[in-house]
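**Q** My questions will all concern the structure given below.
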Amino acid sequence: MAELIHSPKKLLKVRKELEESLGKNGEVEESHISKLPYLNAIVKETLRLHPPAPFLVPHKANDDVELGGFTVPKSAQILINVWSIGRDSSVWANPKSFEPERFLDTEIDFKGKNFELIPFGSGRRICPGLPLASRTLNFMLASLLYHFNWKVANEMNPEDIDMSYSYGITLHKAQPLFLVPIKV
Ligand code: HEM
């Protein structure tokens, strides 16, 4: 929501997609979600830029492993910096910019097969909550955007929203986002 409030054109674009798909007085249903490519792209782009678990969960090497010319010794703790992978300019064009459009013409998904986008991890220990989280994120965002228009509280300018992080095992906004819903 914070990224969308910063990008009014993208907010309009996703609300238009929802209105074209659901009509004027509809209800968001789970079956709609797969037919909303721009909304899906917004969720992917958000997980690329702001992965909730920036280092995944610590793993441990069972044995000595050779990886990309480096030796990872047995029992070493492995942290995967997905936050940094999501902002790697050798992988992503304009990596710091919120551009859901980058996901419209690509099959890249966060289901663990595309290593440039693994906010849920990958392999045997991939997040088992991925299908639930993916449905819930898309469904909640679609509901918020379809039923309400949003403006920043206290007449604040969207540019002045504090986008800094509070760091920890999970990543979240340092300052809460205060938005006012306007019923449509
Ligand atoms: C946006 C939402 C979520 C994100 C970004 C997320 C991310 C992650 C990540 C990065 C891991 C560690 C993967 C690894 O070891 O490399 C993980 C593990 C796990 N997640 Fe999630 N998760 C989310 C939602 C959920 C939900 C909704 C559930 C349960 C209903 C869940 C249950 C778990 C469990 C049980 C593990 C441990 C799996 C294991 O170690 O074998 N997660 N999650």
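The values are calculated or read from the model by the stated rules, or taken from the named source; none is laboratory data. Note that the structure is a prediction, hence the values are computed from the model and not measured. Because the Cβ atoms are built from the backbone with ideal geometry, glycine has one as well, and the counts that use them run over all protein chains shown. Quick note on the areas: whole protein, heavy atoms, side chains included, nothing else; ligands and nucleic acids left out. Shrake-Rupley method; radii C 1.70, N 1.55, O 1.52, S 1.80 Å.
**Q** For region 2-183, what is the accessible area per residue in Å², given a 1.4 Å probe and the full set of protein chains?
**A** Computed with neighbouring chains in place, this is 63 Å² per residue.
**Q** If eta is 0.890 mPa s and T is 25 °C, what Stokes-Einstein diffusion coefficient results for region 2-183, Kirkwood Rh from Cα pairs, in µm²/s?
**A** D, rounded to a whole number, is 135 µm²/s.
**Q** Please list 39-47, 89-97, 1-9 highest first by mean number of surrounding beta-carbon atoms within 10 Å per residue.
**A** Highest mean packing first, the order is 39-47, 1-9, 89-97.
**Q** How about region 54-122: which GluC sites (Glu not before Pro) there are in a DSSP loop, with at most 10 other Cβ atoms within 10 Å of their Cβ?
**A** Sites meeting the loop and neighbour criteria: E107.
**Q** Given the alpha-carbon gyration tensor of region 90-163, what are the semi-axes of its equivalent ellipsoid in whole angstrom, ordered largest first, with each equal to the square root of 5 times an eigenvalue?
**A** So the equivalent ellipsoid measures 28, 19, 12 Å along its semi-axes.
**Q** Using a 1.4 angstrom probe on heavy atoms only, work out the carbon and sulfur share of the accessible area of the chain in %.
**A** Result for the chain: 57 percent of the exposed heavy-atom area is carbon or sulfur.
**Q** Do the sum for the chain: with -39,500 (n - 2.57) for every DSSP H run of n ≥ 4, divided by all residues, what is the mean residue ellipticity at 222 nm, to the nearest 500 deg cm²/dmol?
**A** The per-residue figure over the chain is -9000 deg cm²/dmol.
**Q** Just grab the label-to-label distance for H59 and K24, each label 7 Å out from Cα along the Cβ direction, in nm (one decimal).
**A** 5.3 nm
**Q** Which of the peptides 122-129, 142-149 is most tightly packed, and how do the rest follow, judged by the mean count of other Cβ atoms within 10 Å per residue?
**A** Sorting 122-129, 142-149 by mean packing, highest first, produces 142-149, 122-129.
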